[in-house]
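In what follows, a structure is listed as structure tokens, so that the remarks can point back to it.
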Amino acid sequence: MDTPQDRARFRRFLRGRRPPAGAPQDSPVAQWPAPLPGAGAETDLRAAYRLCRRITRSQDPGAYAVLRLLPPVLHPAYWAVWAGLTVVDDLIDDRDATPAERATRADAWMAALETDMAAGTSTDPVRRALVDTAARWHIDLSDFRNAVFVSRNDIDHRHFDDWAQWRAWSRGHIVPMFDTVRLLLGQAGVPVVFRLDRLESYQQLNDGIRLVDTLTDLHTDQGEDKLLLPDEILNQFPGAEDDLLHGRWSPAAAALVTELTSIARRWVNQPHLTHGMHPGTAIAGKALISLLLALLDAVEAAGPALLRSQPRPSHLTRARIFLPARLRAALVWSLTPLTPPDPRQRRAATQPCPAARLIPDTTTFQQPPRHPSGCRPPRIEAEAMPAHVAIVMDGNGRWSEHRALPRSEGHRAGAAALREMVYGALEIGLRHLTVYAFSTENWRRDTEEVERIMSTLREELDDDPFRDLDVRLRWSGNPEKLPTDLVESLRQKEAATRTRTGLTCTLCFNYGGRDEITRAAASLARAARAGDLDPDLVGEDDFARHLALTDLPDVDLLWRTGGEQRTSNFLPWQSTYAELYFTSGYWPDADRRDLWQAITEYGNRQRRYGT
């Protein structure tokens, strides 16, 4: 540790003890009330965290410096996560091993982590720190698993035709780590909620981080088959890729690096992103942006040396960025009430953590429960099966009124009907199911009913009825006006199920189709103003890439219950050519057999798309 005081705080973090009487209460760690069992175990755990700290500091000094600006009580957890990713990435990127050997080693490490999570400890120091972090902070490491899963799948196929493919790959690596940072901050009592009106900027910052990483690592890419860049940009500079991979600083290589540096600078230089954040996280965010810009300055100044060593900002530049930031951050966190976990509530060592399947394996997922009647789904030919069914779940309130029940009971029954639809979608093999749960217009309803709808969604998220099913949960909607805890729960469910490959169930909550299109148009205008595209050449695909969920396929079948025959501002862009299907029954009365009937009806229709 840096000082005797730091070492003392770290020991208190591991032991969970209060400082001696009269000691200054200068760290959130002082709030920990009780020791963890086993002095010998404590010594080994302290050594494990110290190793993680050394790995993080030596392998990723930039991340280490930024993470130090976050609450001190979280530092060991961040070290453990970063060190774990570094160890697995080294296994995946080992050039002395074949792709098959690398995949096997990464799988073995993750399988050992799964076993260690169930046991509550590990003989491997990095995994031991990860296990303790998960137990201490009550997190499931799903983001860690997702990041590893993406890297492991890239061993044999890292090729990108265009920037869209490259961005999807990039965000699979970096977004899970941002989610881990956010999750731990939330556990400590500092929620960080991303604003939808800044979503594009967050994503561009993510892309900028990956592009800066690619530029600063050009010296390590020599001898590889291909740069981790899309053909869309490489084809503009013929010969540049081959020159860079063989250590030749040619005019084409220099021009490519200049263009990439300019793009990265535009993506990174977004100081407005920190507006409205907690002062402590804003300090860290500003320091991250300043560090990335300094790295790009170093790339520009390096020239041919870029192919011989990694460019880094000077010590003076780093000091200018981080010394004032550390002083401000220390003051902010000393004034911020934090809620570190109580070690008495630490998950028992023998209790399996909810991470379970650290290596996604569809064979471990359960089958949905059978319908009480025992009926099975009809046989649907592949060409007659819709890829994407969207449902307006209408009639909850009227269902309850007809039964002289409070409207809240209708929403509760509607949630049960949604479970039925998910079961039926899994049984019939549907790939995408999107449901309209709460529209931007629904805020006009009675306040008590709105609160009941929010409460019902919270209960469903907490109950997690699809935890053992191969269901990927996604959310589309505007976080503005929604409770912070609800937004965080939705984000966590998205992250935890990101790698599942069965049914994708998208919940449209606080969603409006016109709102989505308006935001996409604004995003497109900003991209044109920044020079990322030519306004005269904008096509439908360009517009679609700026929608909230860019990879959501077009709707094949749009079904509405409740007797109304309108689409009510639901997925207007995606439903342009959808087959419409209306039924009179209220949503709580529907079950999976109604879904199967709707899909059967769809299969009997002839779709001509204007031909």
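No lab work stands behind these numbers, since they all come straight from the coordinates. Predicted model only: the values in this text are computed from it and were never measured. Don't worry about glycine lacking a Cβ; one is built from the backbone with ideal geometry, like all the others, and counts go over all protein chains shown.
Here are some notes:
- In this calculation the C-beta distance from Ser568 to Ala111 is compared with R0 = 51 Å, giving a FRET efficiency of 0.60.
- Computed over the alpha-carbon pairs of the stretch 364-423, the distance histogram in 5 Å steps reads 4, 13, 17, 17, 19, 16, 9, 5, 1 percent, short to long.
- 0 to 90° range, to nearest 10: angle between helix 125-137 axis and the chain longest Cα axis: 50 degrees
- Charge context of Leu295, other residues only, Cβ under 12 angstrom, K/R +1, D/E -1: -1
- Extension gain for Ala544 to Ala521 (0.36 nm times residue separation, less C-alpha to C-alpha distance): 7.3 nm.
- With viscosity 0.890 mPa s and temperature 25 °C, the Kirkwood radius over alpha carbon pairs of the stretch 496-599 converts through Stokes-Einstein to a diffusion coefficient of 152 µm²/s.
- Degrees, to the nearest 10: 407-428 long Cα axis against longest axis of the chain: 80 degrees
- Rg ratio (alpha-carbon, reference 2.2 N^0.38 Å) - the stretch 386-603: 1.03
- Taken over the Cα atoms of the stretch 194-337, the convex hull encloses 119 Å³ per residue.
- Ranked packing of 497-508, 116-127, most packed first, by mean Cβ within 10 Å: 497-508, 116-127
- Computed from label points 7 Å out along Cα-Cβ, the spacing between Leu537 and Glu448 is 5.9 nm.
- Computed about its Cα centre, the charge dipole of the stretch 506-611 is approximately 220 debye, with only Lys, Arg, Asp and Glu carrying charge at their Cβ.
- Centroid-to-centroid separation of the stretch 486-535 and the stretch 418-450 [C-alpha atoms, Å]: 17 Å
- Net charge of Cβ neighbours under 12 Å - reference Arg607; Lys, Arg +1; Asp, Glu -1: -2
- Approximate spin-label separation Ala119-Leu331, in nm, with each point projected 7 Å along Cα-to-Cβ: 4.8 nm
- Annotation: extensible slack from Gln310 through Glu383 equals 21.0 nm (criterion: 0.36 nm per residue apart, minus Cα-Cα distance).
- Summing charges over neighbours of Pro313, with a neighbour being any other residue whose Cβ is under 11 Å away from its Cβ, gives +2 when K and R count +1 and D and E count -1.
- In percent, rounded to a whole number, the relative contact order of the chain is 14, using alpha-carbon pairs under 8 Å and six or more apart.
- Take the Cα of Ala47, step 7 Å toward its Cβ, do the same at Ala255, and the gap between the two points is 5.7 nm.
- Helix 4-15 axis, angle to the chain major axis (alpha carbon atoms, nearest 10°): 40 degrees
- Computed from the C-beta positions of Thr576 and Gln222, the FRET efficiency with R₀ = 60 Å rounds to 0.80.
- A Förster distance of 41 Å, applied to the separation of the beta-carbon atoms of Gln165 and Ala301, puts the FRET efficiency at 0.85.
- Expected 222 nm ellipticity per residue - DSSP helices of 4 or more, -39500 (n - 2.57), all of the chain, to 500: -16500 deg cm²/dmol
- Straight-line cross-link reach from Lys493 at under 25 Å between alpha-carbon atoms covers these lysines, not counting any fewer than eight positions away in the same chain: Lys481.
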